[in-house]
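Working notes, beginning with the structure itself.
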Amino acid sequence: MCGIVGYIGKQKALPIILSGLERLEYRGYDSFGFCVFNSKPLLYKEVGKISLAKALAKIKSDGLIGIGHTRWATTGEVTKENAHPHSGCKEEIFVVHNGIIENYKQLKEKLIKEGHKFKSETDTEVIVHLIEKYFKDNLEKAVTRALKDIRGTYGLAVISVKDPDKIVAARLSSPLIIGVSEDEFLIASDPSAIITTTRQIIILEDNEVAVIKKDGLTILKEEKELKKEPEMIEWDIEQAEKGGYKHFMLKEIMEEPNVIEDAIRGRFILEEGNVKLGGLESVEKKLREINNIFLIGCGTAHYACKIGEYMFEEYADILSQSDFGSEFRYRKPIVDKKTASIFISQSGETADTLGCLKEMKEKGAMCLGITNVVGSSQSRETNAGVYTRSGPEIAVASTKAFIGQLTILAMITVYLGRQRNMSLTEGKEIVSALKKLPLMAKEILIQAEEIKKIAKKYNKYKDFFFIGRKYNYPIALEGALKLKEISYVHAEGVAGGELKHGPLALIDKNCPTIAICPTDAVYEKMISNIEEIKARKGPVIAIASKGNEEIKKIADEIIYIPKTLEILTPILSVIPLHLFAYYFADSLGCDVDKPKNLAKSVTVE
Ligand code: F6R
């Protein structure tokens, strides 16, 4: 999400750090900062974009050690105070951090009682206060001790004027690499930040702590020294930005398991079969009274709304209706004190969705948001909401953000359900199943090569149907949208039961159907639909539950997904469809990340 760069060596650190930060610009960020040691620390933070020339003209530093950061807000708004590096009470220790500290609220409370003064709203700041608390005379010892108190994920770099000739770096589930050159080392969360200086890198693994000095590097795991040799990366700058993948879209699909993990991190109360959604705390009481919910979004976000509609009705017993932002404007929704509206948007800047938000606010409905971009117009305008924490999405076609939206919707369902009739057992069942999803998502991604072969095999066809029922009907719509928007072939999503009411007329050997048919409550009905298609010689690609052997008798191709609760299947079943669309479009040579006529953020109505 955010970007880290650090330098220690014989050259001036500041220009190297700034150009590293500039190279991370492609990921998107809202603020940046750095700390370089001269005779005393020079700390600089800014909201907005980096201008290397401007920053260098304004600030001079001969310091040979420093750390820098580009922030993409997750905890705390976009402000100078919330930008990294963060320092402790005494401005002697400085930290840049990527990741999420789950227990930061408890730690912050305790540290405040102990006399620590906080300057920001971030989770990161607790790290630096903990290091300050444990610091005696050695930085790595204080960092290692502080990490024992932390629950969550981190890639971090720390420097201190009290132990000034080193950078201490640590990693848990958030990437960090060390660039090795002669008498100098760089540290970065992303190779693109450093490969113009060196291609020799050491990848820091989980639970490893690196102590980097200008004349040498020590890597520790459980306080024991590890031997690690640098490896050579051959990527050019463009490949490095994409994490070695050919396109951002593929990189973002491959991040889908992490997106689920980040969305649920620290948000479960397992023993209560419930979730903890900080962003909804202020409206908790009012939400108990709600009996009518409108879900509004555009495009892919609208399909998330549709799935939310099924979820809320089935598990929270609340009347729910979804609509496109662009259509809802023309309706006359019945709004009273018991009405809530939920706006779903990756960017938080979609004009049609924002227009509806404004109208619903005027009508007096409670307005909640599910948004990816912290500080976006939507997140500022809504009364309360939940961030998806999916990280920057760069490809125009939304993929990982959709996974984040569905995961949050499932959690809100548990939250609303437990306020109403959902039993403890049912709550626990959904929460436990959600916890298993990241691994299951990874299992699907392992089949990428198989899916690629299927996509290539079918890339001569010009018309596709996608069918599904119940939770997987909106997934059929999403699969079709993804295919058409990036490959420019005609694709239509249809509710399985609607085939015979018209679309079946188009089925023949030249029109394949992708049937989403996990083993769930509507499985038998889906099989009947597949039989209708086969009777008309239509090729069928089935997305089926692992272990379903029977499907082999009727489908031409099968992509298996792991079994989970029915309510959570869409979070898995969409992953092969994202991959299918990607490989299909790529095999046709399409500009996958920037499809023609489309923009990432649609800020016009
Ligand atoms: C499809 C896609 C679009 C967006 C839509 C809403 O792949 O990306 O349909 O989902 O434009 O955008 P956000 O979520 O930013 O409101």
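Among the conditions (1) small (G, A, S); (2) under 28 Å from L147 (Cβ atoms); (3) open to solvent by 10 Å² or more (accessible area, probe 1.4 Å), the only one that S51 does not satisfy is (2).
Report yes if L21 is modelled with pLDDT of 85 or more and either part of a helix (DSSP H, G or I) or more than 21 Å from R380 (Cβ to Cβ) (or both), otherwise no. Here the answer is yes, as L21 does meet what is asked.
Restricting attention to region 584-603, report how many residues are within 16 Å of the ligand (Cβ to nearest atom), assigned to a helix (DSSP H, G or I) and more than 11 Å from A397 (Cβ to Cβ). Spell out the reasoning first.
Going residue by residue through region 584-603, those that are within 16 Å of the ligand (Cβ to nearest atom) are 584-586, 590-603.
Those still in the list that are assigned to a helix (DSSP H, G or I) too: 584-586.
From the residues that got through so far, the ones that are more than 11 Å from A397 (Cβ to Cβ) too are 584, 586.
The total comes to 2.
From (1) buried (at least 19 other Cβ atoms within 10 Å of the Cβ); (2) assigned to a loop (DSSP other than H, G, I, E, B), pick out the condition that doesn't hold for E121. For E121, the exception is condition (1). Scanning region 313-321 turns up no residue that is within 16 Å of the ligand (Cβ to nearest atom) and farther than 16 Å from G299 by Cβ. Only one residue in K452, K436, K482 is among the basic types (K, R), in contact (Cβ under 8 Å) with a residue 40 or more places away in the chain and surrounded by 23 or more Cβ atoms within 10 Å (Cβ to Cβ), so which one is that? After applying the criteria, what remains is K482. In region 273-302, the residues that are assigned by TED's automatic domain parsing to the domain that holds S423 and in contact (Cβ under 8 Å) with a residue 12 or more places away in the chain reach residues that are assigned to a strand (DSSP E or B) and surrounded by fewer than 17 Cβ atoms within 10 Å (Cβ to Cβ) with C-beta atoms within less than 8 angstrom, at least six apart or across chains, in these pairs: V275/I269; N291/L319; N292/L319; I293/L319. Comparison of A401, A351, A384 shows that the only residue that is farther than 19 Å from A73 by Cβ and touching a residue at least 60 places away in the same chain (Cβ under 8 Å) is A351. Being outside the structural domain of E255 (by TED's automatic domain parsing), open to solvent by less than 30 Å² (accessible area, probe 1.4 Å), within 20 Å of I101 (Cα to Cα) and at pLDDT 85 or above is a property that F32 has.
Considering only residues that are assigned to a helix (DSSP H, G or I) and either among the hydroxyl-bearing types (S, T, Y) or open to solvent by 10 Å² or more (accessible area, probe 1.4 Å) (or both), which ones fall in region 455-473? Those that are assigned to a helix (DSSP H, G or I) and either among the hydroxyl-bearing types (S, T, Y) or open to solvent by 10 Å² or more (accessible area, probe 1.4 Å) (or both): K456, K457, K470, Y471, Y473. Output the residues belonging to region 298-350 that are closer than 26 Å to L565 by Cβ and of a type in the set (S, T, N, Q). Across region 298-350, the qualifying residues are T300, S320, Q321, S322, Q346. Note on region 243-293: enclosed helices (runs of 4 or more DSSP H) holding 1 or more residues that are aromatic (F, W, Y) and open to solvent by 20 Å² or more (accessible area, probe 1.4 Å) are 248-254.
Does region 289-302 hold any residues that are in contact with a Leu (Cβ under 9 Å, 6 or more places away or on another chain) and more than 8 Å from the ligand (Cβ to nearest atom), and which are they?
Of all residues in region 289-302, those in contact with a Leu (Cβ under 9 Å, 6 or more places away or on another chain) come to 290-293, 295-296, 299-300, 302.
Those that are in contact with a Leu (Cβ under 9 Å, 6 or more places away or on another chain) and more than 8 Å from the ligand (Cβ to nearest atom): I290, N291, N292, I293, L295, I296.
The residues on offer are P191, P230, P164, and the sole one that is open to solvent by 10 Å² or more (accessible area, probe 1.4 Å), in contact (Cβ under 8 Å) with a residue 24 or more places away in the chain and closer than 30 Å to K110 by Cβ is P164.
So, in region 485-505, of the ones that are within 16 Å of the ligand (Cβ to nearest atom) and more than 23 Å from E255 (Cβ to Cβ), which residue ends up surrounded by the most Cβ atoms within 10 Å (Cβ to Cβ)? Quick ask: steps written out before the conclusion?
We begin by selecting, within region 485-505, every residue within 16 Å of the ligand (Cβ to nearest atom); these are 485-489, 491-493.
Of the ones still in play, those that are also more than 23 Å from E255 (Cβ to Cβ) are 488-489, 491-493.
Working: Y488: 15, V489: 19, A491: 25, E492: 19, G493: 23.
Only one residue fits best here, namely A491.
Only one of the numbered conditions (1) closer than 17 Å to L477 by Cα; (2) touching a helix residue (DSSP H, G or I) at 6+ places or on another chain (Cβ under 6 Å) is violated by I318, and that is (1).
Take the residues in region 233-242 that are of a type in the set (D, E, K, R) and part of a helix (DSSP H, G or I), then tell me which one is surrounded by the fewest Cβ atoms within 10 Å (Cβ to Cβ).
Our first condition is that a residue be of a type in the set (D, E, K, R); within region 233-242, this holds for 234, 236, 238, 241-242.
Of the ones still in play, those that are also part of a helix (DSSP H, G or I) are 238, 241.
Details: E238: 10, E241: 22.
Only one residue fits best here, namely E238.
Residue count for region 325-355, restricted to those that are assigned to a loop (DSSP other than H, G, I, E, B) and more than 9 Å from the ligand (Cβ to nearest atom): 10. Considered as a group, the residues in region 375-406 that are over 26 Å from N292 (Cβ atoms), open to solvent by less than 10 Å² (accessible area, probe 1.4 Å) and near the ligand (Cβ under 8 Å from one of its atoms) include one that is farthest from the chain's Cα centre (by Cα), and that residue is A397.
For (1) open to solvent by 10 Å² or more (accessible area, probe 1.4 Å); (2) in a loop (DSSP other than H, G, I, E, B); (3) within 16 Å of the ligand (Cβ to nearest atom), each residue gets a yes or a no:
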{"site": "K537", "(1), (2), (3)": "yes, yes, no"}
{"site": "I541", "(1), (2), (3)": "no, no, no"}
{"site": "A544", "(1), (2), (3)": "no, no, no"}
{"site": "A555", "(1), (2), (3)": "yes, yes, no"}
{"site": "T564", "(1), (2), (3)": "yes, yes, no"}
{"site": "S573", "(1), (2), (3)": "no, no, no"}
{"site": "F580", "(1), (2), (3)": "no, no, yes"}
{"site": "E605", "(1), (2), (3)": "yes, yes, yes"}
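Please enumerate the residues belonging to region 363-374 that are open to solvent by 20 Å² or more (accessible area, probe 1.4 Å) and of a type outside the set (K, R). Within region 363-374, G364, V373 qualify.
For region 394-404, does any single residue satisfy the condition of being in a helix (DSSP H, G or I) and modelled with pLDDT under 95? So far as region 394-404 goes, no, none of its residues is in a helix (DSSP H, G or I) and modelled with pLDDT under 95. Cβ separations smaller than 7 Å between residues 6+ apart or across chains give the following pairs from region 555-567 residues that are touching a residue at least 24 places away in the same chain (Cβ under 8 Å) to residues that are open to solvent by 30 Å² or more (accessible area, probe 1.4 Å) and of a type in the set (G, A, S): E566/A521.
The values are calculated or read from the model by the stated rules, or taken from the named source; none is laboratory data. Computed from a predicted structure; not experimentally measured. Glycine gets a Cβ as well: all are built from the backbone with ideal geometry, and neighbour counts include every protein chain shown. Side chains included, ligands, DNA and RNA excluded: accessible areas come from the protein's heavy atoms. Shrake-Rupley method; radii C 1.70, N 1.55, O 1.52, S 1.80 Å.
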